[in-house]
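First comes the structure, then the notes that go with it.
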Amino acid sequence: MSIHLPQTLNEALHMLQVVPHAQILAGGTDFMVEVNFNKHGVHDVIALRHVDELKKWSHDTVAGVVTIGAAVPYADMEHGELAQLFPALAEAARTVGSPQIRAAGTLGGNLGTCSPAGDALPVLFALNAVINVASTHATRSIPVADFMRGPKRNDLAQDELIVSVTIKTVAGWQGYAKVGTRNAMVISVASASLVLDHVNNSSRIALGSVGPTIIRCIQAEQWLQGVYDFTSHQALDDSIATEFGQRVSQESRPIDDHRSTALYRRHAVGVLAKRLLQRGSAQ
Amino acid sequence: MSETQFYSLRVNGKQREVTDAWLGESLLYVLRERLGLPGSKGACEQGECGSCTVIIDGAAVCSCLVLAASAVDTDITTIEGYSDGALTDVQQAFIDEGAVQCGFCTPGLIVAVHHLLEHTPRPSEMKVKEALSGNICRCTGYGRIFAAVTRVIEQRDHQ
């Protein structure tokens, strides 16, 4: 057993090469729960705490592209410039655990764990985010929808590390909503993120905790595009919002588990979708 | 530090050696069981209760979710680091307002309140509630805790 504390990204990638099967430790908010409850042992760990390159984010204003380092904590997305660029991400970040969890938890960790209940994941899906990964010999950029393979499964190879997430800025409204048993410190029972793209006059909606992966509701999006003009600034007919909610609900694939029932989740996620569309179209 | 069981942590400004420790131990465990700093409390061990809150490099985090051996080269402040024997104004306000009942959540709350007021000397009521939302108290119902925070803010304003 060993714990490695790389100082640079290159060092981290090299360690991943020479220590096969090493566990990657980011914020620790998933990892340490498993360790504390003996759900998995600790063998070789590469802790990213000191890799400053992964804690930075940048905004290319010409290309309209933001790149967020894998180890940027949620606390940095709640307020400030990142929150202005991606309000949906800020809303999702604010619902993650508690201030203590948000100071530690990272986007890279959310993607590494790849739980369908990961709070940032529906937002990344709705924003068509791209996940940048690297190994000592190559780098890859993977659309988030291809990156998430299943519940707690992702496309990452043994020797690869999640380096950053690239998101294009969108002209238009975006939001996030989540249902849980209380307001703070809660893992989502159902969640949704909606992006209204005014340039392409289209919408993207992605759902969390109601399927084995995050679910994009392509059919509901296409239906909405046919019945509502996002750029018209006209009041949204209530019946459209209701039907949108119903259609989103139909595309969800929830199950019964210890946190909720499939029946409730299917209903709740439709309500979230309806509310998000009402909020977004009122802007 | 591969393959070694020895590491050193900077806690409350002092370099402390951790010897003979299993490398999977949480910072909370190391603080309490190996470094003689039992102020941080362990309850949920999963980052939900905030009883183990410490400051690492300026951020308030749950020490139960920090792999101790990964906290090498960081500045760690525990509840013990806030006082050299005398009570801090936050501790005194908790006593004066009756914000302590069983007291188990208190160290975590004291750390969280100090951290909040260092960064936001005059927080709104909502900001206080949000800042303490990760510290669970099952006795007081929070009313007296919020009253204690208000008292500290007022006292510091008058200084």
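When B:Gln46 is tested against (1) within 28 Å of A:Ala184 (Cα to Cα); (2) away from chain A (no Cβ under 14 Å); (3) outside any helix (DSSP H, G or I); (4) among the polar types (S, T, N, Q), just one condition goes unmet, and that condition is (2).
For A:Gly211, the conditions (1) in contact with a strand residue (DSSP E or B) (Cβ under 9 Å, 6 or more places away or on another chain); (2) under 20 Å from A:Ala92 (Cα atoms) all hold with the exception of (1). All of B:Ala148, B:Ala112 fail the test of being touching a helix residue (DSSP H, G or I) at 6+ places or on another chain (Cβ under 8 Å) and over 19 Å from B:Pro38 (Cα atoms), apart from B:Ala148. Taking the stretch A:228-254 as the range and being among the β-branched types (Val, Ile, Thr) and at pLDDT 95 or above as the test, the residues that pass are A:Ile240, A:Thr242, A:Val248.
Let's see how each residue does on (1) modelled with pLDDT under 95; (2) part of a loop (DSSP other than H, G, I, E, B); (3) of a type in the set (A, V, I, L, M); (4) not assigned by TED's automatic domain parsing to the domain that holds A:Gly108:
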site: A:Ser141; (1), (2), (3), (4): no, no, no, no
site: A:Asp146; (1), (2), (3), (4): no, no, no, no
site: A:Ile187; (1), (2), (3), (4): yes, yes, yes, yes
site: A:Ser191; (1), (2), (3), (4): no, no, no, yes
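Once the stretch A:1-14 is narrowed to residues that are facing another protein chain (nearest Cβ under 9 Å) and among the hydrophobic types (A, V, I, L, M, F, W, C), the residue that is farthest from A:Leu111 (Cα to Cα) is A:Met1. Listed by position, the helices (runs of 4 or more DSSP H) enclosed by the stretch B:51-138 include none that has at least 2 residues that are within 12 Å of chain A (Cβ to nearest Cβ) and in contact with a Lys or Arg (Cβ under 6 Å, 6 or more places away or on another chain). How many of the residues making up the stretch B:13-48 are touching a residue at least 40 places away in the same chain (Cβ under 8 Å), hydrophobic (A, V, I, L, M, F, W, C) and closer than 13 Å to B:Val111 by Cβ? Count: 2. Restricting attention to the stretch A:93-115, the residues that are in a helix (DSSP H, G or I), farther than 17 Å from A:Leu82 by Cβ, of a type in the set (S, T, N, Q) and more than 11 Å from chain B (Cβ to nearest Cβ) total 1. If I ask for residues that are closer than 18 Å to A:Ser193 by Cα and not hydrophobic (A, V, I, L, M, F, W, C), which ones from the stretch A:234-255 would you list? Once the filter is applied, which keeps residues that are closer than 18 Å to A:Ser193 by Cα and not hydrophobic (A, V, I, L, M, F, W, C), the stretch A:234-255 yields A:Thr242, A:Glu243, A:Gly245, A:Gln246, A:Arg247, A:Ser249, A:Gln250, A:Glu251, A:Ser252, A:Arg253, A:Pro254. The single condition among (1) in contact (Cβ under 8 Å) with a residue 40 or more places away in the chain; (2) under 24 Å from A:Thr95 (Cα atoms); (3) outside the structural domain of B:Gln15 (by TED's automatic domain parsing) that B:Asp96 does not satisfy is (2). Comparison of B:Ala21, B:Ala59, B:Ala69 shows that the only residue that is among the small types (Gly, Ala, Ser) and buried (at least 24 other Cβ atoms within 10 Å of the Cβ) is B:Ala69. If you go through the stretch B:123-135 and pick out every residue that is touching a helix residue (DSSP H, G or I) at 6+ places or on another chain (Cβ under 9 Å) and closer than 19 Å to A:Ile101 by Cα, you end up with 9. Those strands (runs of 3 or more DSSP E) of the stretch A:21-89 in which at least 3 residues are within 11 Å of another protein chain (Cβ to nearest Cβ), considering only elements entirely within it, cover A:44-47. A:Lys152 fulfils the conditions (1) in the same structural domain as A:Thr213 (by TED's automatic domain parsing); (2) on the phi > 0 side of the Ramachandran plot except for a single criterion, (1).
Take A:Ser141 and tell me if it is polar (S, T, N, Q), surrounded by 21 or more Cβ atoms within 10 Å (Cβ to Cβ) and closer than 19 Å to A:His59 by Cα. When the stated conditions are applied, A:Ser141 does not pass them. Has the stretch A:14-28 got at least one residue that is within 17 Å of the chain's Cα centre (by Cα) and farther than 22 Å from B:Asp73 by Cβ? No - not one qualifying residue is present in the stretch A:14-28.
The number of residues in the stretch B:32-43 being part of a loop (DSSP other than H, G, I, E, B), more than 10 Å from the chain's Cα centre (by Cα) and farther than 14 Å from A:Val33 by Cα comes to 4. Within the stretch B:45-96, the set of residues being more than 30 Å from A:Lys39 (Cα to Cα) and either of a type in the set (Lys, Arg) or under 13 Å from the mean Cα position of the chain (by Cα) (or both) comprises B:Gly58, B:Glu80, B:Gly81, B:Tyr82, B:Ser83, B:Val90, B:Gln91. In a residue-by-residue description of the stretch A:51-74, the property of being buried (at least 16 other Cβ atoms within 10 Å of the Cβ) and under 18 Å from A:Met185 (Cβ atoms) applies to at least one position.
The values are calculated or read from the model by the stated rules, or taken from the named source; none is laboratory data. Bear in mind that the values here come from a model prediction, so they are computed numbers and not experimental data. Heads up, the Cβs are rebuilt from the backbone with ideal geometry, glycines too, and the neighbour counts pull from every protein chain shown.
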